Amino acid sequence: MNDFTQVANTIRGLAMDGVQKAKSGHPGMPMGMADVAAVLYLKHMNYSPVETNWPDRDRFVLSAGHGSMLLYSMLHLAGYDLPMDELKKFRQWGSKTPGHPEYGHTAGVETTTGPLGQGIANAVGMAIAERMLAERFNTPDCEVVNHRTFAICGDGCMMEGISHEACSLAGHLGLSKLVLIYDFNQITIEGKTSLAYSDDVRKRFEGYRWNVLEMDAHDLARIDQTLNEAKLEKERPTLIIAHSTIGKGAPTLAGSHKCHGEPLGDEEIAATKKALGLPAESFYVSPEVRDIFAARAKEMEKRLAKWKDLMRIYREKYPEQAGMWEVYQKGRIPSNLEQQMPEFDPAKPVATRNASGLIMQKLAKALPFFVGGAADLAPSTKTYIDGGGDIGPGSFKGVNFHFGIREHGMAAIMNGVAQHGGFRVFGSTFFSFLDYCKSSVRLAAIMKLPVIYVFTHDSFYVGEDGPTHEPVEQTMSLRLIPGMTVIRPADPTETSAAWLTALRHKDGPVALLLTRQNLPVIDRKVFPPANSLEKGAYTLWDSAPGEPELILIGTGSEVSLALDSARKLAAQCRVRVVSMPSWELFEKQDEAYRNSVLPPTCRKRLAIEAGSTLGWQKYTGCKGRIVGLDQYGGSAPYQVLAEQYGFTPEQVVRVAQEMLAAQ
């Protein structure tokens, strides 16, 4: 294991130098876990620095993302497209080595980490996706899906609540291909973890039904042995408690919180390198270490070639399954999917959550890779796919997830499923519970993951459940997230269009905001087609030819209110009704189209939305008004709340008339 010691010390040197040059960062964690990383990459992980998206590669997640120099050092040494110059630009503008690992930015980084615990949950999603693909495509003689997910977490990850949610579900599902290595150094930014933390992690994870192993994180032979033991486990995920020393090798700072989040300093680095037998040269990698990784790269080339040979045999022996494999991997959407959507009778009002449920049944039949579930709310969010089967302990052939009452875990696990590849995933809950999901939603937007959120009970029209369940502020809070596409369809026909738009959107998350209460079905034989939703906003109705004198803008359940109000105003002025289900999609249109819907010459604009008014001024302008709700809701039948809060044609007409009378 002497070669591994040399590799581990090289990692320590790179981590120290990178943080020191940047004058910021976290050297202690990479130094503490260098031995584990060396053994993991050189003896246990299957990867390809050339074909980084090899479907059957092992996944590695650094949940303790602040220790990013550990990952960057390993990727550089393993031959990924991360040259030494990038390590020297750690945390600098335009580099491929940002302060925390970023998915899609640096080759070999499987997920964006930094908010602690997120990587654990992402890894759970990846492990679930691996099992699901294996169930669908493996045959007795061609095991084309057989890889593991490894993750390194720290004390902070363990403290965060999301780790409890995700690891509880992982144990329930028996994800035996998941190996979580716990960097148990007992240090956080403020000092020793004993300041705020005294959990018995072994008992906790045994309670979750995990296989729990322990090792000295600096005993190379023991690390190798423990990883081998973890790989033998067939029934449970494995937690390896790695007893480590933060800043391992530093003569005066090892074991101290002072090396957690700040550079070691020139003197300490010099002393550390001397103690480790490293030259004083910054960013030093010996020829011997280069040779070790070159040999490993050749081994990985053989592994990849062997898998490709297996896939060639698979295509010959199982052409139908091989064709379906391509469908899953590429997420192909049939060109005639729109024609397969259900039809809705204009004479029969339907809640958009119910319409969505009917639409999803059709989608599931057309898209075999369409999977997802709810945080114990499928009967209410209407997201259960009939006949699709359930994901459960020992059973991964189904399409329905049961996330349990774990909204945060659900959203982060969805990210992991999406990152793994092979599935298009959705998750659902009541919109008022968005805040439980928010950190994971934000990361999905940062990573541009095409996950779909089905948020139902989208306004105060929830009614009797009261203010705790009425998401007055949530629509605006979602719109504030860069990269998030929010769609609030006006009726069942727009809901179909919203689903199709969400599925075609591949570079970021989409949230569908759906009603509990019934809405009128807009007759598309009379009004413009529902697929106009793809442009974010469109003219639904003009009372008369010519430029409008007044524009009513509605979203979701308020579009029908705008229509009813406009008809009452038609005798007084030329009035236009605009359905604006998505600000983000509207902003992507060119100026000419936007001006055709909202002519600059018409400055009397009234927006109507059952939620916070903040932000609508962008479209109403200084001459406009907003009918909204800038307070928490109440508990009563929704019809009563509509009267009390002024969401009636009479109130809208009154406000409009005031606008018309003003100069």
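Taking 7 Å along the Cα-to-C-beta vector as the label spot, tell me the Tyr593-Asp199 distance in nanometres, rounded to one decimal.
Result for the modelled spin labels: 4.8 nm.
Report the extension gain between Asn228 and Met311 in nm, rounded to one decimal, defined as 0.36 nm multiplied by the number of residues separating them, less their alpha carbon distance.
27.2 nm
Would you grab the residues whose amide H sits under 5 Å from the one on Val578? Only those 5+ places off in sequence or on another chain, please, with H modelled 1.01 Å from N.
The answer is Leu540, Leu552, Ile553, Gly554.
Take the cross-link list Lys330/Lys382; Lys308/Lys330; Lys365/Lys506 and give me the ones stretching past 24 Å between alpha-carbons.
Distance filter (> 24 Å) returns Lys330/Lys382.
For the chain, give me every cysteine whose Cβ has no other Cys Cβ within less than 4.7 Å, ordered by residue number.
Result for the chain is Cys142, Cys167, Cys259, Cys437, Cys573, Cys602, Cys622, no neighbouring Cys Cβ within the cutoff.
Simple spin-label model, 7 Å along Cα-to-Cβ: Gln92 to Gln321 in nm?
Those two pseudo-labels are separated by 5.1 nm.
5 Å is the cut-off here: which amide hydrogens, built 1.01 Å from N in the peptide plane, fall below it relative to Gly99, excluding neighbours closer than 5 in sequence?
Arg91
For segment 454-514 and segment 251-308, what is the centre-to-centre distance using only Cα atoms, to the nearest Å?
After rounding, the separation between the Cα centres reads 47 Å.
Enumerate the calculated ³J(HN,Hα) couplings along segment 493-500 in order (Karplus 6.51 cos²θ - 1.76 cosθ + 1.60, θ = phi - 60°), each rounded to whole Hz, writing x wherever the residue is Gly or Pro.
Rounded to whole hertz, the list is 5, 5, 5, 4, 5, 5, 5, 5.
If you roll a 1.4 angstrom probe over the protein chains with everything in place, what fraction of the accessible area of the chain belongs to carbon and sulfur, to the nearest %?
Within the chain, the accessible surface is 50 percent carbon and sulfur.
Based on the mean of other Cβ atoms within 10 Å per residue, sort peptides 121-128, 186-193, 326-333 so the most packed one is first.
Highest mean packing first, the order is 121-128, 186-193, 326-333.
Going Cα to Cα from Lys192, which lysines come in below 28 Å? Please leave out same-chain ones fewer than 8 positions away.
Correct list for Lys192: Lys21, Lys23, Lys203, Lys248, Lys258, Lys273, Lys274.
If the chain between Asp266 and Glu464 were fully stretched, how many nm would it gain, using 0.36 nm times the residue separation less the Cα-Cα distance?
Length gained, Asp266 through Glu464: 64.9 nm.
With everything on Cα atoms, drop me the angle between helix 68-78 and the longest principal axis of the chain, reported from 0 to 90° to the nearest 10.
Long axis of 68-78 versus the principal axis of the chain: about 60 degrees.
How far, in degrees from 0 to 90, does helix 220-232 lean away from the longest principal axis of the Cα atoms of the chain, to the nearest 10?
That works out to roughly 50 degrees.
What is the calculated FRET efficiency for Lys362 to Asn146, with r their C-beta to C-beta distance and R₀ = 35 Å, to the nearest 0.05?
Once rounded, the FRET efficiency stands at 0.55.
Scan (1) 1.21; (2) 1.04; (3) 0.95 for the value of Rg/Rh (Cα atoms, Kirkwood Rh) calculated from this model and give just the label.
The listed entry that was calculated here is (2).
Taking amide H positions as placed 1.01 Å from N in the peptide plane, with prolines and chain starts having none, which residues 5 or more places from Leu519, or on another chain, fall under 5 Å of its amide H?
Placed amide hydrogens put Val350, Ala351, Thr352 under 5 Å from Leu519.
State in Å² the accessible area per residue of segment 392-510; use a 1.4 Å probe, count heavy atoms of protein chains only, and round to the nearest integer.
Each residue of segment 392-510 exposes 26 Å² on average to a 1.4 Å probe.
Using the beta-carbon distance between Glu281 and Asp81 and R0 = 25 Å, what value does 1/(1 + (r/R0)^6) give for FRET efficiency, to the nearest 0.05?
0.55
How many nm separate the modelled label positions at Glu214 and Ala347, each set 7 Å beyond the Cα in the direction of the Cβ?
7.3
I need the phi-derived Karplus couplings for segment 19-33: 6.51 cos²θ - 1.76 cosθ + 1.60, θ = phi - 60°, integer Hz, Gly and Pro marked x.
5, 5, 5, 6, 6, 6, x, 10, x, x, 5, x, 5, x, 9
For segment 176-193, in order, what is each residue's ³J(HN,Hα) by Karplus, 6.51 cos²θ - 1.76 cosθ + 1.60 with θ = phi - 60°, in whole Hz (x at glycine and Pro)?
6, 8, 9, 10, 10, 9, 9, 6, 8, 9, 6, 10, 10, 4, 7, x, 6, 5
Antiparallel as a % of all DSSP beta bridges within the chain, to the nearest 5?
15
Once both axes come from the Cα atoms, what is the angle between helix 407-420 and the longest principal axis of the chain, in degrees from 0 to 90, rounded to 10?
70
Pull out the extension gain between Lys192 and Lys568, defined as 0.36 nm times the separation in residues minus the alpha carbon to alpha carbon distance; nm, one decimal.
Roughly 128.5 nm would be gained on extension.
Relative contact order for the chain: what percent, with Cα pairs under 8 Å and sequence separation of 6 or more?
Computed over the chain, the figure is 11 percent.
The values are calculated or read from the model by the stated rules, or taken from the named source; none is laboratory data. Quick caveat: nothing in here was measured; it's all calculated off a predicted structure. All Cβ positions, glycine included, derive from the backbone under ideal geometry; neighbour counts span all protein chains shown. Calculation scope for accessible area: heavy atoms of the full protein, side chains included, ligands and nucleic acids excluded. Shrake-Rupley method; radii C 1.70, N 1.55, O 1.52, S 1.80 Å.
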